[in-house]
Amino acid sequence: AKAAGKNSYLIYDSEMDAAGLDRLTLETDLRRAMERDELVLYYQPQVNTRTGAVEGAEALMRWMHPEQGLIPPFRFIPLAEEMGLIGEMGDWAIREACMQVQRFREQGLVLPRVAVNVSALQFTPSFVRKVKDILEETAVDPSVLQLELTEGVVMGDTHASVNALSELREMGVSLSIDDFGTGYSSLSYLSRFPLTELKIDRSFVIAADKSEEDASLVIAIIAMARGLGLDVVAEGVETSEQYHFISEHGGTVIQGYLFSAPVPVDEFADLLRPWHFV
Ligand code: C2E
Ligand code: CA
Ligand code: CA
Ligand code: CA
């Protein structure tokens with residue numbers, strides 16, 4: 001289409017067609033992705049800055065498309081949400097992450113905690129039951145499982161959310177607020193919901209390098225989390241400057257390209273060997 005020349009109308013038109021076709025193909029293929037076993041989880045380590053140990057991992061979904069290759073989540077998660085497939089896919093991710101914890105164990109490797117993302121559309125009245133079933137089925141210690149929720153997930157029906165989250169906490173599951181600081185909600189939910197962790201969004205981590213004001217913000221978030229008895233993970237740490245800034249201000253767990261991008265399970269297994277990051 002780009003070679004079509006000077007007629008911009010034509011170019012525009014044919015690119016629209018290509019995008020529309022691409023989307024249609026993806027939709028058709030996504031419906032079959034689960035049964036065809038095309039979804040996979042990549043794992044990104046969360047490293048303790050004091051000990052260098054891998055404290056946990058975030059499981060991140062990828063789609064191994066038979067023709068298009070590896071498709072990143074921004075291209076298919078929103079589609080899955082629109083198509084009503086995210087519930088099934090998200091539950092699969094929780095089960096797969098739990099099964100992987102057990103596979104690691106069989107290899108003599110300990111993954112102390114695995115974090116799985118939960119979509120707002122997946123967080124339905126039957127969600128808690130499903131998580132319970134998965135934990136029983138896989139015989140994973142519930143304290144190993146962490147669910148990452150964005151503010152949008154819990155803000156829908158706050159009363160129902162508090163109940164569901166409390167049940168999950170009672171089971172022993174950890175609850176993290178993802179992308180903290182990027183939502184629109186008031187901070188009051190932090191004390192109302194039974195959370196265990198706050199994830200400082202990458203945008204703050206990046207900004208902390210650049211200005212004193214942004215640095216103050218990150219320091220304040222860490223202090224606030226401390227005060228509320230929450231763990232803090234800084235995500236998207238790419239440079240050693242960012243690493244030092246976070247750890248000097250009391251942030252003890254870091255996730256980011258500085259240590260590792262999300263990697264396939266075999267590669268991740270190597271990172272789990274003792275003292276990898278010391
Ligand atoms: P997220 O939950 O905020 O995940 C963190 C994203 O930041 C990941 O992108 C990760 O690869 C990326 N990241 C980590 N460290 C760095 C870094 O140092 N620099 C940069 N530039 N990026 C970094 P990814 O894997 O492409 O996932 C994007 C989003 O897709 C996730 O954002 C999450 O919202 C969604 N997602 C992924 N897997 C799932 C899933 O299983 N279920 C649901 N509902 N959403 C998922
Ligand atoms: Ca996340
Ligand atoms: Ca995040
Ligand atoms: Ca994000």
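The values are calculated or read from the model by the stated rules, or taken from the named source; none is laboratory data. Remember, predicted model here, so these are calculated numbers, not experimental data. For neighbour counting, all protein chains shown are included, and Cβ atoms are generated from backbone atoms with ideal geometry for every residue, glycine included. The accessibility values were calculated without ligands, DNA or RNA, using every heavy atom of the protein model including side chains. Shrake-Rupley method; radii C 1.70, N 1.55, O 1.52, S 1.80 Å.
Computed 3J(HN,Hα) for the stretch 223-239, one whole-Hz value per residue from the Karplus formula 6.51 cos²θ - 1.76 cosθ + 1.60 where θ = phi - 60°, is 5, 5, 4, 3, x, 8, x, 9, 6, 10, 10, 9, 9, x, 6, 10, 10, glycine and proline marked x. Under the combined filter of DSSP loop state and at most 16 neighbouring Cβ atoms within 10 Å, the stretch 38-91 retains these trypsin sites (Lys or Arg not before Pro): 50.
When the charge dipole of the stretch 50-148 is built from unit charges on Cβ atoms (+1 for Lys and Arg, -1 for Asp and Glu) and taken about the Cα centre, the candidate among 89, 135, 120 whose Cα reaches farthest toward its positive end is 135.
Phi angles across the stretch 168-174 convert, under the Karplus curve 6.51 cos²θ - 1.76 cosθ + 1.60 with θ = phi - 60°, into 3J(HN,Hα) values of 5, 4, 4, 5, x, 6, 8 Hz, Gly and Pro given as x. Taken about its Cα centre, the stretch 27-173 carries a charge dipole of about 360 debye when Lys and Arg each add +1 at the Cβ and Asp and Glu each add -1 at the Cβ. Mean-square fluctuations from a GNM of the chain, with a 10 angstrom spring cutoff on Cα atoms, peak among 223, 115, 18 at 18. Looking at the stretch 129-235, the accessible area is 45 square angstrom per residue; that uses a 1.4 Å probe and ignores ligands, DNA and RNA. Oblate is the label for the stretch 162-278, because a/c, from the alpha-carbon gyration tensor with a ≥ b ≥ c as root eigenvalues, is 1.5 or above and a/b does not exceed b/c. Relative to the longest principal axis of the Cα atoms of the chain, the long axis of helix 73-82 lies at roughly 80 degrees. Computed from backbone phi with θ = phi - 60° and the Karplus coefficients 6.51, -1.76 and 1.60, the 3J(HN,Hα) list for the stretch 244-250 is 5, 4, 5, 6, 5, 9, x Hz; x is used for glycine and proline. Between 68, 255, 146, the residue with the greatest mean-square fluctuation in the GNM of the chain (Cα pairs under 10 Å linked by springs) is 68. For the chain, the equivalent ellipsoid derived from the Cα gyration tensor has semi-axes of 31, 25, 21 Å, listed largest first.
Simple point charges give the picture: +1 on the Cβ of Lys and Arg, -1 on the Cβ of Asp and Glu, and for the chain a dipole about the Cα centre of about 280 debye. Checking every one of the trypsin sites (Lys or Arg not before Pro) in the stretch 192-239 against DSSP loop status and a limit of 10 other Cβ atoms within 10 Å picks out 210. Of all DSSP-defined beta bridges confined to the chain, some 40% are antiparallel rather than parallel.
In whole percent, and with a 1.4 Å probe on the protein chains, what portion of the accessible area of the stretch 81-205 is carbon and sulfur? With neighbouring chains kept in place, the figure for the stretch 81-205 is 51 percent. Under 5 Å between amide hydrogens, built in the peptide plane, is the criterion, and for residue 55 it picks out 46, 47, 48 among residues at least 5 positions away or on other chains.
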